[in-house]
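For reference, the structure is listed below as structure tokens.
Every number here is computed from the coordinates shown, using simple stated rules; none is lab data. Source: prediction; values computed, not measured. All Cβ positions, glycine included, derive from the backbone under ideal geometry; neighbour counts span all protein chains shown.
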Amino acid sequence: MNKDFLALSDLSLEELDGIFALTKELKQKQKEGVPHQILKGQTLGMIFEKSSTRTRVSFEVGMYQLGGHGLFLHSGTTQMGRGEPIKDTARVMAGYCDGVMIRTYSHEAIEEFAEYSYVPVINGLTDMFHPCQIVADIFTVIEHKENYRDLKYCWIGDGNNMANSWINAAAVTGFELRIATPKGYEPNSDVLAKAQQAGANIILTNDPNAAAEGADVLNTDVWASMGQEDEQQQRIKAFAGFQINTDLLKLADPEAIVLHCLPAHRNEEITDAVIEGPQSVIFAEAENRLHAQKAIMATLMER
Ligand code: CP
Ligand code: NVA
């Protein structure tokens, strides 16, 4: 396996399914209080250039449960924040840590870090991708539905880092993915082209109803991601009609489930009623970040 996890496309289907199996095993062990110190004595450096609740806590707690340590670094308090070159920081961090998780803006920055780091590098979100989230999301689907690869997935809203990652997931797994965005907010065209060349079954539309029709899994995210706060008002106008609400949900399969990576802007991209409703698996999804990332770290870092 590739030593880094920067995008879902780094994994084969077999590797992804292996991570799901390990996620299930580790979740069960954690629930039953069975020790699973696979990374005993190891340290994960965690560099954050953006805010986080779930990613920070789940990686830090996950490392602890695996017998290791998660070291939180806010990039602004490091020399990287003062301009120390990425390629220098990467080699220095690799000398101290057994793995590094990074949340940053530029995807090129994490690729450069990974190129110079000789320990595994994990993407904790860039402007381009959020792969750990997708592993947790699909695992949540697996917990609620049979044959995850035969389901119809739909993405309603912004063509952002989450949407790009779902596109990669569609390429790896072969499942059907419908993406409904307003015009001008489509996902990254290179990511889409690569996935389609790899045979991904992706339908792009500007009609949220068409995307939701008969879908098994509905999924959305904020309309303005971190770094786009200045565009919030303009985006609220552009995304009118792209909300997951009870009317849209009625178009989906009656057994459909709803995902949201959180944090949500309640009653913007998704209503309170849907988040709190019976088809929402959103808080199970959030918990699964812990279990999925433990499996990812164990897979990449086990000696
Ligand atoms: N979903 C997610 O990555 O949440 P945080 O921004 O809180 O880490
Ligand atoms: N698209 C969102 C995801 C947050 C977890 C962002 O990048 O801010």
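Summary of values
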item: Expected-Rg normalisation [2.2 N^0.38 Å, Cα atoms] applied to the chain; result: 0.97
item: Long-range Cα-Cα pairs in the stretch 260-303 (distance over 13 Å), rounded percent; result: 61 percent
item: Rounded Å value of the spacing that divides the Cα centres of the stretch 37-79 and the stretch 89-156; result: 14 Å
item: Cα gyration tensor, the stretch 1-53 - rounded (a/c under 1.5), prolate or oblate; result: oblate
item: Compactness of the stretch 22-168 - radius of gyration and Dmax, Cα, Å; result: 16.6, 49
item: Sequence of GLU255, GLU84 once ranked by neighbouring C-beta atoms within 10 Å, starting from the fewest; result: GLU255, GLU84
item: Interchain or long-range residues, amide H under 5 Å from MET128's placed H; result: HIS107
item: Descending Cα extents along the principal axes, the stretch 127-194, whole Å; result: 35, 20, 20
item: The stretch 192-303: mean projected area of Cα convex hull, nm²; result: 9.5 nm²
item: Radius 11 Å from Cβ of LYS27, net charge of other residues (Lys, Arg +1; Asp, Glu -1); result: 0
item: Stretchable slack from ARG303 to ILE203, in nm (0.36 nm times residue separation minus alpha-carbon distance); result: 31.9 nm
item: Gain on full stretching of the segment that runs from SER51 to LYS183 - 0.36 nm per residue minus C-alpha separation; result: 44.7 nm
item: Separation of alpha-carbon centers, the stretch 192-214 and the stretch 280-298, rounded to whole Å; result: 25 Å
item: Other-chain or far-sequence residues with amide H under 5 Å of SER280's (modelled H); result: VAL258
item: Choice from ASN201, ASN209, ASN147 with maximal GNM fluctuation in the chain (Cα, 10 Å cutoff); result: ASN147
item: Net length gained if the chain between GLU108 and LEU13 were fully extended (0.36 nm per residue, minus Cα distance); result: 31.7 nm
item: Residue of ASP190, ASP221, ASP17 that the Gaussian network model of the chain assigns the largest fluctuation, springs spanning Cα pairs under 10 Å; result: ASP190
item: Sparsely packed GluC sites (Glu not before Pro) within the stretch 82-147, loop by DSSP, other Cβ within 10 Å at most 16; result: GLU146
item: Built amide H within the under 5 Å cut-off of GLY99, gap 5+; result: THR43, GLY45
item: With Cα atoms, 0 to 90° folded angle of helix 86-96 axis to the chain main axis; result: 60 degrees
item: For the stretch 160-177, 3J(HN,Hα) per residue [Karplus equation, 6.51 cos²θ - 1.76 cosθ + 1.60, θ = phi - 60°, Hz, x = Gly/Pro]; result: 9, 4, 5, 4, 4, 6, 5, 4, 4, 5, 5, 5, 6, 9, x, 6, 7, 10
item: Calculated from backbone phi, Karplus (6.51, -1.76, 1.60) coupling profile of the stretch 136-146 in Hz, x at Gly/Pro; result: 5, 5, 5, 4, 5, 4, 4, 5, 10, 9, 7
item: Loop-resident sites, the stretch 167-214, for trypsin sites (Lys or Arg not before Pro), counting at most 13 other Cβ within 10 Å (DSSP); result: LYS183
item: Rounded to 10°, Cα long-axis angle of helix 13-32 versus longest principal axis of the chain; result: 80 degrees
item: Given LYS3/LYS29; LYS40/LYS87; LYS24/LYS237; LYS194/LYS250, the pairs whose alpha carbons are separated by over 30 Å; result: LYS24/LYS237; LYS194/LYS250
